Structures are given as structure tokens and as C-alpha cells.
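Working notes, structure below.
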Amino acid sequence: MVSVQLLKLLSVASLCCFIPLAASAQDKRAAAKLLTLQKSPPVYVRNQRDQSKWPGMVREGVDAGREYFGNYGPVYVYILGHEDKTLNSEAFHRRLVAEYCKHRGAGVKKRREECRDGPGAELIKKAISGRGDAYLSFVGDTDPPLAELVFINPHQFRDPYLYTRGIHEYTHVFQRAFPTTPTWMTEGGAEFFACYLGEKKGWAKLRRDMAEFMKNAQRAKDAKLGIKDMEDVDEVSPAVKKYYRHLAYDAGAWAFALMIHKSKSRSIAEVPKKFYPLVAKVGWQRALAQYAQVDNKQAFYRAFDAFLKLPLDEQLKMLEGLKE
Ligand SMILES: [Zn+2]
């Protein structure tokens, strides 16, 4: 899930109410290559001549995530590719690539040049192709490590999906402040929060969107695959990877919701405050078992498989049982 890997989405908790970590904990996180709470907001690199609504939508989505999770980073947001092709100017592309490769070069001219001719040139190629893409790429070899949120041809995502995509990507920024979780939990968590926080902003409908996800989750089930097969997308066979979307995002969002439902409080707000710190303490497998009050991850997977067999209205009723 690192580098140029496709990773795919409000609330009321404001920054004032977020308790910052003690300095020593911050230091440990930096050493462990994790993102940390920041004073500065994300840095945006975009074409200032672009007057379209798309960059603003990306920012609003990202800000909805920051309001809820806290201001983690450092984050650099790159927005490139435009509906109006005349905005794809060479001058802007040169500036964007220079910014992009500044971190990757770490002061070494040769590495900066390699970045410019490699991943930098690749970005511009994608922008000019007109295809839409959005992902988080994590840069771990800088000190401190940083997250890049790259939005290419954002107009391809349409309105209002681009907002929730912003939340989805920012959820990954928050997740990067904690140790790794399995692919289904990473992507499923980002999808769940995109719908949940998106609904509060009027950009999504949790119930409707989750019902849609369930259709895809059932397709994976029909192929005799489950979230247990999607713990690390980089390790799965091509036959399983065909169901990446279904297992990680669609089934993952439901499994994430079920985990919250099986927790003591059933509270969504407790997930960032209690579950992720528990992952940092005991690792994701024990955290999942403890948090969902089951014996181990296999027991959770069995519970989820049983849940997938329920009628849709009962599955949707589970969502109503979740607390703020
Ligand atoms: Zn993602």
C-alpha cells in the first residue's frame, strides 16, 4: 500500500477538543515512521489558474477528515489534470514536479533528477491522459515521514463523490499515524468513514451506500472468498486480486462496521480514540479480538461470514445499532 498504489472517500469533533500526544510519544512515532499531529495544515500544490470547483471539493473532503480525526501529517496535496485542457500548462507541470521531487530527492541532486524523469514524469503523463486517480503515497525515507495525497483529473470523480474521496484519502493519513492494519480494515475503514462523515455533510448516505457495498461483498462470497483472503493485497494471487474492490472496500466497510457493533460501546467516535491506539499497543490481530470481544481474528472472520448470510434488512439494522 505504499508509493503509487491505488488507495481509495463530518462531524463535530473540532481540533480544539483533540488531545495532542505528549512530545515523547510524538518523537517515538517519528522514529517508527508514523505520521504525527501537526500544527500546520496540509500544503496544496495546484494550478492557481484553475477556477473550477474541483480543487475546493478535494479540500473540503480532506478538511472534513481533519476535523474529525485531527490534523495529522505532514501532508502534501497535489491536484493536477483539468477539465479544461488549456490549464495543463508546462510551467505548472514543471513547478509541480519540482515540488513533488523536493522531498524525494532529500537534497541529493541525482535523486531529484531521477524523481523528475521517473515518478514525476509519470504523474504528468497520467494528468494529460485525462484518467482520474486518487491515492495516498507514503514517503517513509524523509525525516519526518510524510503523506502525499495525489488527485489526478479530479473532475472524473464527479460531484459529490469527490468530497467523500477526500475523506477516504485523509482517513488513510490518520491510519498512517498507527501501525499497519490488514488491507480489508484499511480500505474498509476509509470507506466506512467516507460514508459516515460524508452523510453528516450531505455528500453521502450511509445506509444507501452500504447497501450498495453489500451487493459487491456478496459477489466475493459467491466466489468463495472472504476478508480473511484480503489481509495483504500485495501478497494475494491474481485470482483473489480480481476481487480487491469487493473484499477490501465493500466487504471491508461492512466488517469494519461489524467490529464497531461488537465493541463494548458500539461508538463510532471511540474507534479513532480507542481502537487505533490499541492497534499501536498490541498489533491489529489482538486489537481486533479485544475490541470486537471475540477470541481471535478467526472468530471475527467466522462472525462476519455468518453476518453476510443475513437478509439485507437485518444487516442494515446493525448499522442503526451503531452510536455516534
Ligand atoms: Zn484507500
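Please treat every number below as a calculation from the coordinates, not as lab data. All figures in this text were calculated on a predicted structure; none of them were measured in a lab. Cβ: placed from backbone, ideal geometry, glycine included. Neighbour counts: every protein chain shown.
So what's the back-of-envelope 222 nm ellipticity for the chain, counting only DSSP H runs of four-plus at -39500 (n - 2.57) apiece and dividing by all residues, rounded to 500?
On the way: 14 runs with 159 residues, N = 324.
Per the formula, -15000 deg cm²/dmol.
When only the Cβ of Lys, Arg, Asp and Glu is charged (+1, +1, -1, -1), the dipole of the chain relative to its Cα centre reaches about 220 debye.
Greater than 25 Å separation of Cα atoms is the criterion. Which listed pairs, K274/K323; K102/K201; K85/K242; K228/K309; K39/K125, meet it? Table pairs above 25 Å Cα-Cα are K102/K201; K85/K242; K39/K125.
The 3J(HN,Hα) values that the Karplus relation (6.51, -1.76, 1.60; θ = phi - 60°) gives for region 46-53 are, in residue order, 8, 7, 5, 7, 6, 9, 6, 7 Hz. Gly and Pro appear as x.
Residue by residue, region 257-270 carries 3J(HN,Hα) couplings of 5, 5, 4, 5, 5, 7, 6, 4, 8, 6, 8, 5, 5, 6 Hz when phi is fed to the Karplus relation 6.51 cos²θ - 1.76 cosθ + 1.60 (θ = phi - 60°); x denotes Gly or Pro. Put +1 on the Cβ of each Lys and Arg and -1 on the Cβ of each Asp and Glu in region 183-320; which of Y244, P272, M230 then has its Cα farthest toward the positive end of the dipole? The residue sitting most towards the positive pole is P272. Couplings for region 64-73, taken from phi via the Karplus curve 6.51 cos²θ - 1.76 cosθ + 1.60 with θ = phi - 60°, read 4, x, 5, 4, 7, 8, x, 8, 8, x Hz in order; Gly and Pro are left as x. Hey, what D do you get for the chain in µm²/s if you plug the Kirkwood alpha-carbon radius into Stokes-Einstein at 10 °C and 1.306 mPa s? So the translational diffusion coefficient is about 78 µm²/s.
So for each of 38-49, 161-172, 242-253 I average, over its residues, the number of other beta carbons within 10 Å; can you give me the resulting order with the highest mean first? Working shown, then result.
Details: 38-49: 14.8, 161-172: 27.0, 242-253: 24.2.
The most tightly packed comes first, giving 161-172, 242-253, 38-49.
Basic side chains Lys and Arg get +1 at the Cβ, acidic Asp and Glu get -1 at the Cβ, and with that the dipole of region 255-306 about its Cα centre reaches some 160 debye.
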